[in-house]
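The values are calculated or read from the model by the stated rules, or taken from the named source; none is laboratory data. Remember, predicted model here, so these are calculated numbers, not experimental data. No Cβ is skipped: glycine too gets one built from the backbone with ideal geometry, and neighbour counts run over all protein chains shown.
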Amino acid sequence: MKFKRLAACCAVTMAFSLAACSSVAVDSVAEVRQITHSAYCGLRGPGVAYVASAEDLEPLLGVSGQNFSTKMIREVDFASEHLVFVTLGQKPTAGFSVALDNVRFAGETLTLEMFVRKPEPDMIVAQVITSPCAIVAVPATKWQRLEIVGVTDKPLVRDLR
């Protein structure tokens, strides 16, 4: 009886150990995370800014009128993560937003699929200029190409070489 219990316990422990190993070996794309988003980033055009250092970050955080907390953004360790600012550009009303929806990695290309929310045509919204953005942390690995889809009709592409 004790042997059966010991064997069952070993089997369960082995199963959990194997499951833990497989989750550790998950592709580094799983490490992509959205840090924050805002209705007003102050960045004018729809686009993408790739930030690989604290020096590159400062000009993007000093824009007048930004309404997001910079604490989590400034805490990023650029040795292990880089930042991607995804912006919708100026919008004529409130009700627009952008968020990370999905991540794909193929070859040397990292693709961030973004979800864009727009106000319904009959929705009552504030008449205020906004500039929505999402800030995403990606592993600081050797991506050669970054694609952002869902923000504009065509993918936004950055060559990182």
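Worth pointing out:
- Residue within the range 82-103 that is farther than 21 Å from P46 by Cα and either touching a Pro at 6+ places or on another chain (Cβ under 9 Å) or not aromatic (F, W, Y) (or both) present: no
- Top-ranked residue of the range 37-62 - restricted to ones that are under 16 Å from G89 (Cα atoms) and assigned to a loop (DSSP other than H, G, I, E, B), ranked as modelled with the highest pLDDT: A39
- Pairs with Cβ under 9 Å, 6+ apart, first in the range 73-87 and in contact (Cβ under 8 Å) with a residue 24 or more places away in the chain, second of a type in the set (K, R) and surrounded by fewer than 19 Cβ atoms within 10 Å (Cβ to Cβ): E81/R33; V84/R158; T87/R44
Every residue, every condition in (1) among the aromatic types (F, W, Y); (2) in contact with a strand residue (DSSP E or B) (Cβ under 6 Å, 6 or more places away or on another chain), yes or no:
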position	(1), (2)
D77	no, no
L83	no, yes
A99	no, yes
F105	yes, no
F115	yes, yes
P119	no, no
I129	no, no
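- In summary, L100 fulfils each of the numbered conditions (1) within 17 Å of L156 (Cβ to Cβ); (2) loosely packed, with under 11 Cβ neighbours inside 10 Å with the single exception of condition (2).
- Criterion: among the β-branched types (V, I, T), surrounded by 15 or more Cβ atoms within 10 Å (Cβ to Cβ) and under 12 Å from the mean Cα position of the chain (by Cα) - qualifying residue of V116, V76, V138, V151: V138
- Against the test of being touching a residue at least 24 places away in the same chain (Cβ under 8 Å) and loosely packed, with under 12 Cβ neighbours inside 10 Å, the options G95, G65 yield a single qualifying residue, G65.
- Counting residues in the range 87-95 that are on the phi > 0 side of the Ramachandran plot and outside any strand (DSSP E or B) gives one or more.
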